[in-house]
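One structure is given below, encoded as structure tokens.
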Amino acid sequence: MENPEKYGFNSQLIHYSGHHDSYGAATVPIYQTSTFGFASAQDGADCFAGVKQGYMYTRIGNPTIKALERQVALLEHGCDSVALASGMAAVSTVYLGLLNAGDHVVSSSAVYGASRVLLEQHMARFGVDSTFVNTADIEQVKAAITPKTGMIYIETPANPTMEISDIKACAELAHGIGALLVVDNTFCSPYLSNPIDFGADVVLHSITKFINGHADIVGGIVIAKKVDVYSKLRNAMINFGGNMDPHQAYLVIRGLKTLGIRIDRAQDNARKVADFLASHPKVEWVKYPGL
Ligand SMILES: *Cc1c(COP(=O)(O)O)cnc(C)c1O
């Protein structure tokens, strides 16, 4: 697909694979290989030195994984993305790649359980402090900021409380103090929300959920708005080693094609359930963002 930005979301899902080969394959082949050969020893040395582009080793880069990374970056309006073995590998790559000892994080208190444990129990061991507030209330976010705050981390809607945070207001707050805004966009998927358009610097997904959609793999992805942040994330992935594998990437590319129609149907169904419960005499409250 030439100039994929010009096409609609569902056309991008179906026709943009982020991959071209000399055979004109309509789908992305699975490059099930650990290593790649070089034309010469010099060629290999140039690739490892970074003076020449080329695939060397699948943890560092692989054409099947790259096709998925290009496609999701396009859908999320980012410059590029890094695919990982799980959603938690995506979250840990964000923390480990973008924070330093002495930094402080303001996070949604309703954040996915493991994302909170990672900050409270693990990043704390490396000198990263964190404060958890209801980020749906921007005043609480403001009040939690310290001179050391380097990141605001929100999940919106949050899993499973459905708390909604104001991405634009959080981005303005973060940028006002030179911090990054990270958004866990797992629940909306790029079909319903593109946080980068509202000022987010980094967007991440548990691919396990809507993006893959078929309950047959666990995976994660991190999308960066700008190249300097992308480079830090890729470097962290390569050195901590949480890469996705090519077969996993192939299944996600396959699942992603139907994202739009799956979400439309899921929303229709959710709305019916929410309306039924809201009008049921024995139900006291219903929490559904659409109501
Ligand atoms: C599931 C989930 C994660 C963790 O992803 P895994 O793929 O299970 O590692 C992170 N954030 C949210 C919002 C999730 O729903």
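The values are calculated or read from the model by the stated rules, or taken from the named source; none is laboratory data. Computed from a predicted structure; not experimentally measured. Heads up, the Cβs are rebuilt from the backbone with ideal geometry, glycines too, and the neighbour counts pull from every protein chain shown. In case anyone asks, the SASA skips ligands and DNA or RNA and just uses the protein heavy atoms, side chains included. Shrake-Rupley method; radii C 1.70, N 1.55, O 1.52, S 1.80 Å.
Key figures for this structure:
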{"read-out": "With DNA, RNA and ligands ignored, accessible area of H122 (1.4 Å probe; Å², nearest 10)", "value": "70"}
{"read-out": "Other-chain or far-sequence residues with amide H under 5 Å of S109's (modelled H)", "value": "V133, N134, T135"}
{"read-out": "Trypsin sites (Lys or Arg not before Pro) restricted to DSSP loop in the range 122-196 with at most 14 other C-beta within 10 Å", "value": "K148"}
{"read-out": "Calculated diffusion of the chain, Stokes-Einstein form, Kirkwood radius summed over Cα pairs, 37 °C and 0.692 mPa s, µm²/s", "value": "164"}
{"read-out": "log10 of Debye I(q)/I(0), alpha-carbon scatterers only, for the range 192-291 at 0.14, 0.23, 0.25 Å⁻¹", "value": "-0.74, -1.21, -1.27"}
{"read-out": "Under the Karplus curve 6.51 cos²θ - 1.76 cosθ + 1.60, θ = phi - 60°, whole-Hz ³J(HN,Hα) for the range 230-247, x wherever Gly or Pro sits", "value": "4, 4, 5, 5, 5, 4, 5, 4, 4, 7, 7, x, x, 5, 6, 10, x, 5"}
{"read-out": "Rg and Dmax [Cα atoms of the range 78-208; Å; Rg one decimal, Dmax integer]", "value": "13.2, 37"}
{"read-out": "Exposed-loop-free span, longest in the chain, where chymotrypsin sites (Phe, Trp or Tyr not before Pro) count as exposed if DSSP calls them loop and at most 15 other C-beta atoms lie within 10 Å", "value": "24-284"}
{"read-out": "Phi to ³J(HN,Hα) by Karplus 6.51 cos²θ - 1.76 cosθ + 1.60 over the range 15-22, Hz, x for Gly, Pro", "value": "9, 9, 9, x, 9, 10, 9, 6"}
{"read-out": "Restraint check, K6/K66; K6/K142; K142/K257; K148/K287; K142/K272; K6/K226, Cα-Cα greater than 32 Å", "value": "K6/K142; K142/K257; K148/K287; K142/K272"}
{"read-out": "Angle between the chain longest axis and helix 87-98 axis [Cα atoms, degrees, rounded to 10]", "value": "80"}
